[in-house]
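Shown next, in structure tokens, is the structure this report addresses.
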Amino acid sequence: MNQYDFQQTLNKYLSDQHTQEEEDFVLEYFQNNPMEDSAVFENEKEVIGKRIQTKLFRTTFGKPLILRSIPWLAAAASVLIAIGVWVFVQNDPAEIVANADLISGKGLMEFRNTSDKPQNVTLEDGSIVTLKKNSSLSFPGHFGEKNRQVYLHGEAFFEIKRNTAKPFIVYSGDLVTKVLGTSFNIKSYDKSTSVEVRVKTGRVSVYEGNESRSKTKNGVILTPNQKIVFDKKSRKMEFSIVENPSLLIPAGETEHGFTFSEVPVKSVFASLEKSYGIDIVLENDTADTCLFTGDLNGLTLFQQLDLICKSANISYESRGTALFVQGAGCINE
């Protein structure tokens, strides 16, 4: 096909008067000939890119999840052809995979979840991000040699593939969350007055990201069942235990499990510490002689603590990321 015939075919495609054969030809041509090297005007690139993008999502995901390019090269044309991105559904339509190995350039892709259900985004390193409603995730098509950087607006749960050579870094407003490999949740909506980070497994470093290059940063290390709430206005961080701690070690792997019969309260607390990874500090020895009998299976940590403390005439309170136990105990019983 000579240049004249090619331009005629392209014009028919752009005016939506093409046949299926002509559409296939145009798509194949630009897959083999990047648009930046082709004799195509910028406005034509944009039209082609947007049309391909619309068709791609109509035939795969429908409307809930939107992928758009963030100004790089021409515009939306870079989404599929010029940059070489390919996106497909894997088993479940909600499972989205972006193969960034084919991407060139320095731009970002953005996934926006406008559905009512969480959507899974699988990154090139195998990490999975569960994007919550009204949230978006931006990331480069190909991670750099030193780190893996993404940008979150809204809320998402991250399951990160461990790579000690490439830390995974999440920018969420004024906070930066840095990990090697772990699972955690970040809630950072633009209109919210705070940012929240909570850890399920592993260790996470959280610190302010808009400070100067000073070696001293406002930040903390979070471990499982811990969370931090950062107030955007006051710049303060509140460090605490999550509302419903999850088991880190199955109850059956502790010395007594969660079924106790005449077991010292001190030993019961030790089992809970091991199972949840949360420090339980006995501030006095009044409970040392107390014994506990009961089945704590199926209860949350705080329900378990309420039952134990009621039986031993003691109480507990949460301070930061530890639990402190005090009270008269059962010495006089």
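Any read-out appearing in this document is the output of simple, stated calculations on the displayed coordinates, not a laboratory observation. Predicted, not measured: the structure shown is a model, and the values here were computed from it. Neighbour counts are summed over all protein chains in view; Cβ atoms, including those assigned to glycine, are modelled from backbone coordinates with ideal geometry.
Here are the numbers:
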read-out: Of LYS132/LYS233; LYS133/LYS178; LYS200/LYS274; LYS166/LYS274; LYS200/LYS236; LYS132/LYS191, those spanning more than 21 Å from alpha-carbon to alpha-carbon; value: LYS132/LYS233; LYS133/LYS178; LYS166/LYS274; LYS200/LYS236
read-out: Phi to ³J(HN,Hα) by Karplus 6.51 cos²θ - 1.76 cosθ + 1.60 over the range 274-286, Hz, x for Gly, Pro; value: 5, 6, 10, x, 10, 5, 10, 9, 8, 6, 8, 9, 5
read-out: Estimated inter-spin distance, ALA165 and SER15, nm [label 7 Å along Cα→Cβ]; value: 5.4 nm
read-out: In order through the range 314-328: 3J(HN,Hα) via Karplus (6.51 cos²θ - 1.76 cosθ + 1.60), integer Hz, x for Gly, Pro; value: 9, 9, 9, 8, 9, 10, x, 10, 10, 10, 10, 10, 8, x, 5
read-out: Estimated vicinal HN-Hα couplings, Hz - the range 138-155 in sequence order (Karplus 6.51, -1.76, 1.60; Gly, Pro = x); value: 10, 7, x, x, 9, 5, x, 6, 9, 7, 10, 10, 9, 10, 10, 10, x, 10
read-out: Gained length - ASP5 relative to ASP190, 0.36 nm times residue gap less alpha-carbon distance; value: 61.6 nm
read-out: Amide proton proximity set for VAL281, modelled H, under 5 Å, gap of 5+; value: LEU323, PHE324, VAL325
read-out: Residues whose placed amide H lies under 5 Å from that of GLY257, excluding near-sequence neighbours; value: none
read-out: Shape call, the range 174-317: gyration tensor on alpha carbons, a/c limit 1.5; value: prolate
read-out: Charge dipole (debye, nearest 20) of the range 124-167; +1 at Cβ of Lys and Arg, -1 at Cβ of Asp and Glu; value: 80 debye
